[in-house]
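Some notes on the structure that comes next.
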Amino acid sequence: MVKKLLYLNGLAVLAVVLNHSLSWSYISLFWWTDRYLPVSVPNFDQLGSPIYYLFRFLEQLIIFAIPAFLFVSGFFLAFAAGRGQSPLRWNIIFVRLKNLLIPFFIWSVIILLMDIALGREVSPAEFLLVIVTGRAADPFYFIPVLAQLYLISPFIVRFARNNWKMLLLVTGAVHAFFVLLRYPPLLNLDIPFLEPIIANNRHFLFPSYIFFLTLGMVFGFHSSEFKEWLYSRRWLLLGLTGAFFLLGVIEWEMILKASGQEWLGPSETLIDQIYAGFFLLTFFAFERTELPLPRTFNFIGAKSYGVYLTHTIVLIITAKAVYHLIPQLLGLPLLFLLMLTAAGVALPLLLMEIVNRSPLRRYYALIFG
Amino acid sequence: MDRKIALSDYIKQEVMRNPKANLDDAEDLFNAGILDSLAILQLVAFIEENFKIKIPDEDVIFENFQNLNALASYLETQKAAE
């Protein structure tokens, strides 16, 4: 199981890149339509088309990515705590936070400076706030979330060791509650007594992610106890993963319809979280099955943080270059998606390799983690 | 080559990215921020591939990977058991 974690990390970072490539592909379908068709934009004629549903299926499939990263982090925290009853040492947490946050700050500043160069007006206070809350780029919210979870992890460790069922129950309930709070704004529901909590349920706060970190911790301490249980139920788990995958697709279409909007920005729902949970369990239940391209996925998995931090810039530049230079490509959405995804993985890896072979090598960890 | 030296070289070269770095055999690899979650997983893969020693999941624990001495000692035991 341990050896599959690197593979899972590789799979997860590819999923993240594909997810953000899909965001640009939706833009090409609905907001950049006038670059390849004689229509005014936004144009939602392609909503409900086969390519739209292909994109939706892909988007649904890869929802396991952030839960997978959290799971691997939880597993590491259990590892770092050791097998005895010793607490998780704060020094390890602080060192881990340093290695996580320095590259995050560097890339946040680079992206914000790019935005400013392109005409965005940002006050110094806003500049700081954007960085701290992980809003310099769409996927950056995850880093403050992970940092918060690292900070509370020393308080969770002993429960993961000695009282894991209760821990999973409590963190699962907290997680589900905060995810459920995403529904009222999506559905335009007014629930006055929940309003203060809903308004402050920001996506860079940890409660709506906590379950997957604790699940990783529990697996870290007790994996040998779960192996046979998972293996004997692998087909059931695969079936449940498939069922919740389909339910997630249907649920989103129902939410979109009920919202009365033409389009809704992505927001992960409770069904999505359950799907992600079953995906992870299924992944480990099939541990004895040989997975394809292990070297490639392990290689990418080992470089996942660098790819995570840098792929956004690559996608922005690539998508805008296509918009201006070869707009006809926007009319071939699948090709556009493949091109973005390939660039979003390959160019960050190339950049990391260049730094690795240059005099900057000694700063590699500061730049890419 | 001595396993401990090979491990030290690997960590300096691939993890610390500085072949000239000082790495004491007793230095805590986690307190020093040298190993993180991904580095451990890579290190396990390196050991299995290069030393042909199988590391069971239950042995991937802090106590076996805390420093070079602990790791070399664990690998000795594991090799003998195989």
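Observations, loosely collected:
- Qualifying trypsin sites (Lys or Arg not before Pro) in segment A:176-257, where qualification requires a DSSP coil assignment and no more than 16 other C-beta atoms within 10 Å, comprise A:Arg202, A:Arg233.
- Net charge in the neighbourhood of A:Tyr231 (other residues with Cβ under 10 Å of its Cβ; Lys, Arg +1, Asp, Glu -1) is +2.
- Qualifying GluC sites (Glu not before Pro) in segment A:210-283, DSSP loop, other Cβ atoms within 10 Å at most 16: A:Glu262
- Computed with a 1.4 angstrom probe on protein heavy atoms, the A-B interface buries about 2500 square angstrom of accessible area in total.
- Relative contact order of chain B, pairs being alpha-carbon contacts under 8 Å that are 6 or more residues apart, as %: 33
- A:Ile250-A:Lys3 FRET efficiency (beta carbon distance; Förster radius 41 Å; 0.05 resolution): 0.70
- Share of carbon and sulfur in the accessible heavy-atom surface of segment A:275-350 [1.4 Å probe, %]: 76
- 39 Å tail of the calculated P(r), chain A, as % of Cα pairs: 16
- Volume per residue for segment B:3-81 equals 82 cubic angstrom (convex hull of Cα atoms).
- Two-site FRET efficiency, A:Leu194 against B:Ala81, from Cβ-Cβ distance with R₀ of 51 Å, rounded to 0.05: 0.30
- Per residue, in Å², the accessible surface of segment B:3-81 once ligands and nucleic acids are set aside, probe 1.4 Å: 44
- A DSSP coil position with no more than 16 other Cβ atoms inside 10 Å describes the following trypsin sites (Lys or Arg not before Pro) in segment B:44-80: B:Lys52, B:Lys54.
- Shown for segment B:3-81: the carbon plus sulfur share of the solvent-accessible area, taken with all protein chains present and a 1.4 angstrom probe, equals 46%.
- Alpha-carbon spread of segment A:107-158, three principal axes, descending order, Å: 50, 19, 12
- Summing charges over neighbours of A:Ile354, with a neighbour being any other residue whose Cβ is under 14 Å away from its Cβ, gives +3 when K and R count +1 and D and E count -1.
- Once C-alpha pairs closer than 8 Å and six or more residues apart are averaged by separation and normalised to the residue number of segment A:23-83, the relative contact order reads 18 percent.
- Mean separation of Cα contacts under 8 Å, 6 or more apart, over the residue count of chain A: relative contact order %: 31
- Sulfur and carbon atoms: percent of accessible area, segment A:155-204 [1.4 Å]: 70
- Label point distance in nm, A:Trp263-A:Arg233, each placed 7 Å from Cα along Cα→Cβ: 4.1
- On the beta carbon distance between B:Asn69 and A:Phe57, with R0 = 30 Å, the FRET formula returns roughly 0.05.
- Dimensions of segment A:1-136 along the principal axes, based on C-alpha atoms and rounded to the nearest Å, stand at 67, 42, 16, largest first.
- The string of couplings for segment A:338-355 from the Karplus curve (6.51, -1.76, 1.60, θ = phi - 60°) is 4, 5, 4, 5, 4, 5, x, 9, 5, 5, x, 5, 5, 4, 5, 5, 4, 4 Hz, one whole number per residue in order, with x for Gly and Pro.
- Quarter of the Cα convex hull surface for segment A:165-223, i.e. its orientation-mean projected area (nm²): 4.6
- Full extension of the chain segment joining A:Met166 with A:Val41 gains 39.9 nm, where the gain is 0.36 nm per residue of separation less the Cα-Cα distance.
- Potential lengthening between A:Asn91 and A:Ala173 on full extension [0.36 nm per residue; Cα-Cα distance subtracted]: 26.5 nm
- Taking 0.36 nm per residue of sequence separation and removing the Cα-Cα distance, the A:Leu293/A:Leu338 pair yields an extension gain of 14.3 nm.
The values are calculated or read from the model by the stated rules, or taken from the named source; none is laboratory data. What you see is a predicted model; the values in this text were computed from it and never measured. Neighbour counts are summed over all protein chains in view; Cβ atoms, including those assigned to glycine, are modelled from backbone coordinates with ideal geometry. Quick note on the areas: whole protein, heavy atoms, side chains included, nothing else; ligands and nucleic acids left out. Shrake-Rupley method; radii C 1.70, N 1.55, O 1.52, S 1.80 Å.
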